[in-house]
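A.B. asks: Before I ask anything, here is the structure I am working with.
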Amino acid sequence: AKYFDEATKKFYADAKHTIPATDDTEAIRKAIASAYQQHIPIFFPRGQYYISDTITIPNYMYIVGVGTVQGSAIVTDKAIDMLKTEEKGLYIQIEKIAIRGVKNHTLSGLTVKSSLYSSFLNMTDCLMENFKNYCAELQGFAGGFIFDSVLACGGEYGLKIINASNSKIDNLII
């Protein structure tokens, strides 16, 4: 998914917008499942990874890319919540990756809902942009979350944070 056409609001594999983007949803799901079973991080090399459905991030997952500018990006042109956690949202770290939707169409970039005292999210050096609702929605973080050097733009509401304690936000631009 390298090229976005503003007129059609879709991603394409070629500059002339004739070849639809390859759907990476299932490959990403398989990679996450494998990384989870092996207790290793999931690494996104340089490139854009097109998804057509929500990706669920399991607990204790570390997702890392190579950077947000000309680096690693998860993209969609669908009306979906792009990334969400399992119900408990335990110990998730995301860094050096862009999460891009289509403004006023893609619902949200990251949804994390937790009700446990030990929940934790660390998001570092990330970009979230172009969403209809929230760039990120965080609920119930008694264990806390850290946002460090995160740019969240193009969402109707930016961030939604409910019932979060022991948390830290540094260098957040909305």
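The values are calculated or read from the model by the stated rules, or taken from the named source; none is laboratory data. Computed from a predicted structure; not experimentally measured. Please note that ligands, DNA and RNA were not included when accessible areas were found on the heavy atoms of the full protein model with its side chains. Shrake-Rupley method; radii C 1.70, N 1.55, O 1.52, S 1.80 Å.
A.B. asks: For the chain, which whole-number percentage of the solvent-accessible area (1.4 Å probe, protein heavy atoms only) is attributable to carbon and sulfur atoms?
C.D. replies: Carbon and sulfur atoms account for 51 percent of the accessible area of the chain.
A.B. asks: Based solely on its DSSP helices, what 222 nm [θ] is calculated for the chain when runs of n ≥ 4 H residues each add -39,500 (n - 2.57) and the sum is averaged over all residues, nearest 500 deg cm²/dmol? Please list the in-between numbers first.
C.D. replies: On the way: 1 runs with 14 residues, N = 174.
Mean residue ellipticity, 222 nm, calculated: -2500 deg cm²/dmol.
A.B. asks: Amide H of residue 146 versus every other amide H placed in the peptide plane: which residues, excluding those fewer than 5 positions away on the same chain, fall under 5 Å?
C.D. replies: HN-HN under 5 Å from residue 146: 121, 122, 123, 168.
A.B. asks: Still on this structure, please answer the following. Which entries of 30/96; 30/160; 103/160 show an alpha-carbon separation above 26 angstrom in the structure shown?
C.D. replies: 30/160
A.B. asks: Amide H to amide H, which residues 5 or more places from residue 86 or on other chains are under 5 Å from it, using H placed in the peptide plane?
C.D. replies: Correct list: 57, 59.
A.B. asks: OK, next. Long-range amide H contacts for residue 98: which residues qualify at under 5 Å (H placed 1.01 Å from N, peptide plane, sequence gap of 5 or more or a different chain)?
C.D. replies: For residue 98, the qualifying residues are 72, 73, 74, 127.
A.B. asks: Once the Cα gyration tensor of region 11-80 is found, what semi-axes does its equivalent ellipsoid get, as square roots of 5 times the eigenvalues, in whole Å, sorted largest first?
C.D. replies: Whole-Å semi-axes of the equivalent ellipsoid: 24, 14, 10.
A.B. asks: Tell me, what does the Kirkwood hydrodynamic radius of the chain come to in angstroms if you use every pair of distinct C-alpha atoms?
C.D. replies: 16.0 Å
A.B. asks: Most mobile of 57, 99, 146 per a Gaussian network model of the chain (Cα springs, under 10 Å)?
C.D. replies: Between 57, 99, 146, it is 146 that shows the largest mean-square fluctuation.
A.B. asks: Right, here's the next one. In square angstrom, what is the accessible area per residue of region 1-63 with a 1.4 angstrom probe?
C.D. replies: 62 Å²
A.B. asks: Here's something else I'd like to know. Taking the chain as a Gaussian network, where each spring joins two C-alpha atoms under 10 Å apart, which residue of 71, 109, 101 fluctuates the most?
C.D. replies: Residue with maximal mean-square fluctuation among 71, 109, 101: 71.
A.B. asks: Per 0.36 nm of contour for each residue apart, how much would the distance between residue 86 and residue 161 grow if the chain were fully extended, relative to their Cα-Cα spacing?
C.D. replies: Contour length minus the Cα-Cα distance gives 25.3 nm.
A.B. asks: Just to be sure I understand: with springs between alpha-carbon atoms less than 10 Å apart, which residue in 21, 98, 136 has the highest mean-square fluctuation in the Gaussian network model of the chain?
C.D. replies: Sorting by GNM fluctuation, first place goes to 21.
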